[in-house]
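Just so it is clear, none of the values below were taken in a lab; they were calculated from the coordinates. The model shown is predicted, which means the values in this text are computed figures rather than measured ones. When we count neighbours, we look across all protein chains shown, and the Cβ atoms used for this are built from the backbone with ideal geometry, even at glycine.
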């Protein structure tokens, strides 16, 4: 059985105090979450230690939202995977569409980041997804396939068992628009077939693939019922404990 994961990406939101309070509210509701649903929260870098202390000893894992593509050195403003590990992170989000769009993140940089994360024992949540114009042009499979190929061609089957893939239709992030369950399942199945073709059926069956596009309590149950959707990478709804837990109990 593949893991079921609901991960909350807080993005550039909350002060440290607000983040600690949000984490406490999520912890207080953990009794509602089924035992087989794994939770991850990804607060801003400044919050990692404080929020990590709140969730320590619970079923919630700590994630960063990014990492540097170098191990250490004169890279002002960057955060190394060793620092994330030291702060208690088990995961880091890599290749989010906002990183690609606003900061020019390339596949070459992502290859380095994924390798560094894996070497440090941190599991990457590797994001892929197409823009609205790419979907309207019928190029969504090509775009996602290229993103997968350019990065995962550099990892082994053993590595792949420690990588979570998140599909985010860029056209559905923060817009309130959600891919239909059929659209989401179709591309999740495409991603799983890509993994199977490259790494084998057994690895593909173990690979967790999350949906990340305006997932909320009202649509999570339908999305999570799809064969190849193993949970969600949640944005806005992760900033409210009731909504985040509401998604987690949708299984």
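Please state, as a whole number in µm²/s, the translational diffusion coefficient that the Stokes-Einstein equation yields for segment 1-129 at 4 °C and 1.567 mPa s, with Rh defined as the Kirkwood radius across alpha carbon pairs.
Numbers: Rh = 15.2 Å.
Stokes-Einstein gives a translational diffusion coefficient of 85 µm²/s.
What is the mean projected area of the alpha carbon convex hull for segment 208-251, to one decimal in square nanometres?
Working: hull surface 10.6 nm².
The orientation-averaged projected area of the Cα hull of segment 208-251 comes to 2.6 nm².
Roughly speaking, what is the centre-to-centre gap between segment 204-232 and segment 145-174 when only Cα atoms are used, to the nearest Å?
15
Out of 49, 203, 177, any idea which swings most in a Gaussian network model of the chain, alpha carbons joined below 10 Å?
Looking only at 49, 203, 177, the biggest GNM fluctuation is shown by 177.
Regarding the chain, what is the average projected area of its C-alpha convex hull, in nm²? Could you put the intermediate results ahead of the total?
Numbers: hull surface 49.4 nm².
Mean shadow area of the hull around the Cα atoms is 12.3 nm².
Please identify which residues in segment 156-180 have an amide N closer than 17 Å to a label point set 7 Å out from the Cα of residue 226, following the Cα→Cβ vector.
Within reach of a label on residue 226: 165-180.
Taking 1 over the mean of 1/r across every pair of different Cα atoms in segment 112-251, what Kirkwood radius in Å do you get? It would help to have the intermediate numbers written out before the result.
Working: mean 1/r = 0.0650 Å⁻¹.
Roughly 15.4 Å, rounded to one decimal.
Mean-square fluctuation check for the chain, GNM, Cα pairs under 10 Å: which of 167, 102, 91 is largest?
Its mean-square fluctuation being the largest, the pick is 102.
What number in nm² do you get for segment 121-185 if you take the convex hull of its Cα atoms and divide its surface by four? Spell out each step's value before the answer.
On the way: hull surface 21.0 nm².
It is 5.2 nm².
From zero up to wherever the largest Cα-Cα distance of segment 192-232 sits, split into 5 Å bins and tell me the percent of pairs in each.
Result returned by the calculation: 6, 24, 25, 18, 13, 10, 3, 0.
Quote to one decimal, in nm, the extra length available between residue 32 and residue 78 on full extension: 0.36 nm per residue of separation minus the C-alpha distance between them.
Details: separation 46, 0.36 × 46 = 16.56 nm, distance 3.73 nm.
Residue separation times 0.36 nm, minus the Cα-Cα distance, leaves 12.8 nm.
Which value results when the Cα radius of gyration for segment 30-70 is divided by 2.2 N^0.38 Å? Walk me through the numbers on the way to the answer.
On the way: Rg = 12.0 Å, N = 41, 2.2 N^0.38 = 9.0 Å.
After normalising by residue count via 2.2 N^0.38 Å, the value is 1.33.
Just 83, 12, 160 to compare: in a GNM of the chain, with alpha carbon springs under 10 Å, which one fluctuates most?
Greatest mean-square fluctuation among the candidates belongs to 12.
Just to confirm my numbers, what's the Cα centroid distance between segment 27-47 and segment 48-124 in Å?
Segment 27-47 and segment 48-124 have Cα centres spaced 18 Å from each other.
Sum -39500 (n - 2.57) across every DSSP H segment of at least 4 residues in the chain, then divide by the residue count to get the 222 nm mean residue ellipticity, nearest 500.
Details: 12 runs with 110 residues, N = 251.
Value at 222 nm, helices only, nearest 500: -12500 deg cm²/dmol.
Quick one: if you stick a label point 7 Å off each Cα along the C-beta vector at residue 50 and residue 17, how many nm between them?
Distance between label points: 0.9 nm.
May I ask you to sort 134, 21 by Cβ crowding, counting other Cβ atoms within 10 Å and putting the fewest first?
On the way: 134 18, 21 14.
Least crowded to most crowded, the residues run 21, 134.
Sort 131, 216, 59, 227 by Cβ crowding within 10 Å, fewest neighbours at the top. Don't skip to the end; give the middle numbers.
Details: 131 17, 216 20, 59 13, 227 9.
Fewest-to-most ranking of 131, 216, 59, 227: 227, 59, 131, 216.
By count of other Cβ within 10 Å, fewest leading, how are 47, 140, 96 ordered? Provide the component values of the computation, followed by the final result.
On the way: 47 24, 140 21, 96 27.
Lowest count first: 140, 47, 96.
Output the Kirkwood hydrodynamic radius of segment 77-146, Cα pairs only, in Å rounded to one decimal. Each step should come with its number before you reach the end.
Values: mean 1/r = 0.0753 Å⁻¹.
Kirkwood hydrodynamic radius for segment 77-146: 13.3 Å.
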